[in-house]
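The values are calculated or read from the model by the stated rules, or taken from the named source; none is laboratory data. In this text, all values refer to a predicted model and were calculated from it rather than measured experimentally. Cβ coordinates were reconstructed from backbone atoms using ideal geometry, including for glycine residues, and neighbour counts include every protein chain displayed.
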Amino acid sequence: MKSEKLHKLQRLNVVYFSICFGGLAMFFAFTIIPDMRALYDMHTEVDALNKRIEQQKIFFPAYQTYLREISHRKTFHLPLPQAGTLRREQISTITKLFENLVSKSGLVLIRVTPDYGSISQGSDSIAVKLIAEGDYFYLRQLLLELGNISYIRNLQTLRVQAIPNGTRSTLVFWIALDKTGQGS
């Protein structure tokens, strides 16, 4: 009988031990492991932030130098030519002038057409239509060259159209004419 009680007690001990061990395992699985994972994630974040701080320490002197350069840099303004006029007799030469400007800028001239209909007796300007093709970035150089001509009064139209081998640029601008015939 004693051995039967002892055997029953041992079985109960095993059951109790199993229940306690299961409870401890669940406690560990639901509380300790997630905390360990969160701690590992935070440690990884701290390491990444430390690396970023080190990179910023390395690049900060270059950043300060760049800021100093920017603050001391003067803005570039295009020089404006003094306003001038073109003599009426020279209207026929503007085609050749614009051919040279377009080829100098790297574009291909398609057409330069002075609009003789825009001139009337006593008119002080003439419209000129220029069409050129080529790389879009060469258009900037052409515009800079046109800006250096003293008798171009204003740019009325600038149309840039994509074509298979680059762009087609159409410009319409007005040239100031001398009323007295002397020009400048």
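Of note:
Yes or no, residue by residue, for (1) modelled with pLDDT of 90 or more; (2) touching a helix residue (DSSP H, G or I) at 6+ places or on another chain (Cβ under 8 Å); (3) of a type in the set (Gly, Ala, Ser); (4) assigned to a loop (DSSP other than H, G, I, E, B):
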residue: Glu69; (1), (2), (3), (4): no, no, no, no
residue: Ile126; (1), (2), (3), (4): no, yes, no, no
residue: Glu133; (1), (2), (3), (4): yes, no, no, no
residue: Gln161; (1), (2), (3), (4): yes, no, no, no
residue: Arg168; (1), (2), (3), (4): yes, no, no, no
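- Among residues of the stretch 109-124, those that are in a strand (DSSP E or B) and surrounded by fewer than 17 Cβ atoms within 10 Å (Cβ to Cβ), counted: 4
- For Ala132: the one exception among (1) touching a strand residue (DSSP E or B) at 6+ places or on another chain (Cβ under 8 Å); (2) within 20 Å of Thr167 (Cβ to Cβ); (3) exposed (fewer than 15 other Cβ atoms within 10 Å of the Cβ): (3)
- Filter pass, Lys51 being part of a helix (DSSP H, G or I), exposed (fewer than 10 other Cβ atoms within 10 Å of the Cβ) and basic (Lys, Arg): no
For every residue, the table says whether it meets (1) closer than 29 Å to Ile163 by Cβ; (2) touching a strand residue (DSSP E or B) at 6+ places or on another chain (Cβ under 8 Å).
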position: Pro61; (1), (2): no, no
position: Tyr66; (1), (2): no, no
position: Gly84; (1), (2): no, yes
position: Lys96; (1), (2): yes, no
position: Gly106; (1), (2): yes, yes
position: Val112; (1), (2): yes, yes
position: Ile126; (1), (2): yes, yes
